[in-house]
Amino acid sequence: MSDEIASKLELLEEYVSYLREYQYYDMEDMMSDHTLKGAVERYIEVALECMIDIGEMIISREKLKRPDTYRDVFLVLGEHGILPEKFAINLAPAAGFRNVLVHMYSKIDVEKLHYYLENNLEDIEQFGKHIAQYLIKP
């Protein structure tokens, strides 16, 4: 299972690198370029999906309480010290943003999307670092 988690971490890193390239565009670019907007939406969506998948794999592996929601995935990881608890609490709303991206399609607020791109990639990277540290613990 660690190989599977490590593989997901590599994908997560790849998605963040793509998203970093899109940070050079401003909100007006995103509003006028539907391909750009779609790419940013998709890479944020798959990055968040990847994080949730990793969390679910760890929860299963450790036989922890099964989360009721995607938001709870991060909270359970925090409760058990796999993620720092405060970080997990701050990260949990990302699951809600993932739901918006998956279910709202054309109604995505470009301002929120651009804000997330500009302000939340560090959280995704931090998540990856915390999980990598967890994986190397004996």
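See the values below:
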| item | result |
| --- | --- |
| Options ALA39, ALA88; residue that is buried (at least 18 other Cβ atoms within 10 Å of the Cβ), aliphatic (A, V, I, L, M) and in a helix (DSSP H, G or I) | ALA88 |
| Answer residue from the stretch 57-75, given it is among the acidic types (Asp, Glu) and within 16 Å of ASN99 (Cα to Cα) and is surrounded by the most Cβ atoms within 10 Å (Cβ to Cβ) among those | ASP72 |
| Among residues of the stretch 94-138, those that are closer than 18 Å to HIS34 by Cβ and of a type outside the set (Val, Ile, Thr), counted | 12 |
| Flag if VAL110 is on the phi < 0 side of the Ramachandran plot, surrounded by fewer than 18 Cβ atoms within 10 Å (Cβ to Cβ), touching a helix residue (DSSP H, G or I) at 6+ places or on another chain (Cβ under 9 Å) and among the hydrophobic types (A, V, I, L, M, F, W, C) | yes |
| Some residue of the stretch 92-111 being in a helix (DSSP H, G or I), polar (S, T, N, Q) and closer than 14 Å to MET51 by Cα | yes |
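None of the figures in this text is laboratory data; all of them are computed from the coordinates on show. Remember, predicted model here, so these are calculated numbers, not experimental data. Cβ coordinates were reconstructed from backbone atoms using ideal geometry, including for glycine residues, and neighbour counts include every protein chain displayed.
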